[in-house]
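What follows is a single structure, written as structure tokens, with notes after it.
The values are calculated or read from the model by the stated rules, or taken from the named source; none is laboratory data. All values reported here derive from a predicted model rather than from experimental measurement. Neighbour counts run over all protein chains shown; Cβ positions are idealised from the backbone, glycine included.
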Amino acid sequence: MSLGACILGCSGPVLTATEKAFFADARPWGFILFARNVETPEQVVALTASLREAAGREDAPVLVDQEGGRVRRLRPPHWPSYPAARAYGELPVADRREIARLGGRLMAHDLAAVGIDTDCLPVLDVPAPDGHEVIGDRAYADTPDEVAALGRAAAEGLMAGGVLPVVKHMPGHGRARADSHHALPVVDAPLDELEARDFAPFRALADLPMAMSAHVVYAAIDPERPATTSPVVIGDVIRGRIGFDGLLMTDDLSMQALAGGFRERAETARAAGCDLVLHCNGDMAEMRAAAEGAGRLDGEAARRAAAALARRSTPEPFEVAEGRARFEMAFAGRLAA
């Protein structure tokens, strides 16, 4: 039986009987964890194992948003703090790439230890001066080249630790003047400006295995639909101008930037060219509708999914204590709990 073309959340720190039965039936490609699902390392180990057991696949990906700074699901006292992406861009130039890679490698160590094998990182959005603070310090820098360089370093660190990266938010959220969690942003910049600035980091990292779409309208490309549900943006820009042939998942379907019921949201995203839909909040009724709308994983989407998982590797040898000390020294006490 083919897999469902979806990544789903769950409601709490342990699976309910209803969730176990639903996941066994829907067979989602993967899962995503949020703060509500995280208590202790032992509990997360048990939860990731039970998710894979429910799905009937030991290799089912388990994702998390562990960027550092504001966006982190694993927190002290059980896990170390990491700074927001912008902090790497503020280090001495000679140290930036090394420390960004080291941060990714340390995060991968934390995540792999509890059964999480995919991190929704790096953020490759290039912030505009009038952009909404939803990106803000989640961006590595203000220039496409520096964002690409530090994003590449972070992704390399994750992969060296056996964790797959998911670049976001393709093809660029930095100009958005609204938070897509709450409203639909519209970007009015002309195509040549988007090409030169916003798309550039994604083009530079188009070889990475997975990416997440932006719930953003780009008026110069498709004035009616956000990237997630636009066959024009996905076909002409993401697959075309950017040249990304990896696995493309939606950003969270439950964000207010999208309209319509959850089955419709999923169907529209899949028809536009997203390989997988992502539903995060663990609401059972919404998940059922999203999974139904997503359909089965087949064709090119299945090929891309298999290719992404084939990029997983055994973690490289790593002296964790030494790496942690080097990392903390680089930030000289700025790693607040």
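Quick notes on this one:
- Any pair with Cβ under 9 angstrom, 6 or more apart, that starts in region 262-283 at a residue that is within 10 Å of residue 294 (Cα to Cα) and without any contact (Cβ under 8 Å) to a residue 40 or more places away in the chain and ends at one that is surrounded by fewer than 24 Cβ atoms within 10 Å (Cβ to Cβ) and β-branched (Val, Ile, Thr): none
- Every residue from region 97-134 that is in a loop (DSSP other than H, G, I, E, B), hydrophobic (A, V, I, L, M, F, W, C) and crowded, with 22+ Cβ neighbours inside 10 Å: 114, 116, 120, 121, 124, 126
- Only one entry in 86, 57 is at pLDDT 95 or above, out of contact with any Gly (no Cβ under 6 Å at 6 or more places or on another chain) and within 19 Å of residue 147 (Cβ to Cβ), namely 86.
- Residue pairs whose Cβ atoms lie under 7 Å apart, sitting 6 or more positions apart in sequence or on different chains, and linking a residue in region 294-312 that is closer than 17 Å to residue 278 by Cα to a partner that is surrounded by fewer than 14 Cβ atoms within 10 Å (Cβ to Cβ) and not charged (D, E, K, R), are 296/2; 297/2; 298/2.
- Test: residue in region 174-188 that is closer than 19 Å to residue 61 by Cβ, buried (at least 24 other Cβ atoms within 10 Å of the Cβ) and touching a Leu at 6+ places or on another chain (Cβ under 9 Å): no
- Condition met for residue 106 (in contact (Cβ under 8 Å) with a residue 60 or more places away in the chain and over 18 Å from the mean Cα position of the chain (by Cα)): no
- First in region 222-246 and free of Cβ contacts under 8 Å to residues at least 24 places away in the same chain, second anywhere and in a helix (DSSP H, G or I), Cβ under 8 Å, 6 or more apart: 222/232; 222/233
Okay, residues lined up against (1) buried (at least 22 other Cβ atoms within 10 Å of the Cβ); (2) within 16 Å of residue 209 (Cβ to Cβ):
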site: 242; (1), (2): yes, yes
site: 295; (1), (2): no, no
site: 299; (1), (2): no, no
site: 305; (1), (2): yes, yes
site: 310; (1), (2): no, yes
site: 313; (1), (2): no, yes
site: 320; (1), (2): no, no
site: 330; (1), (2): no, no
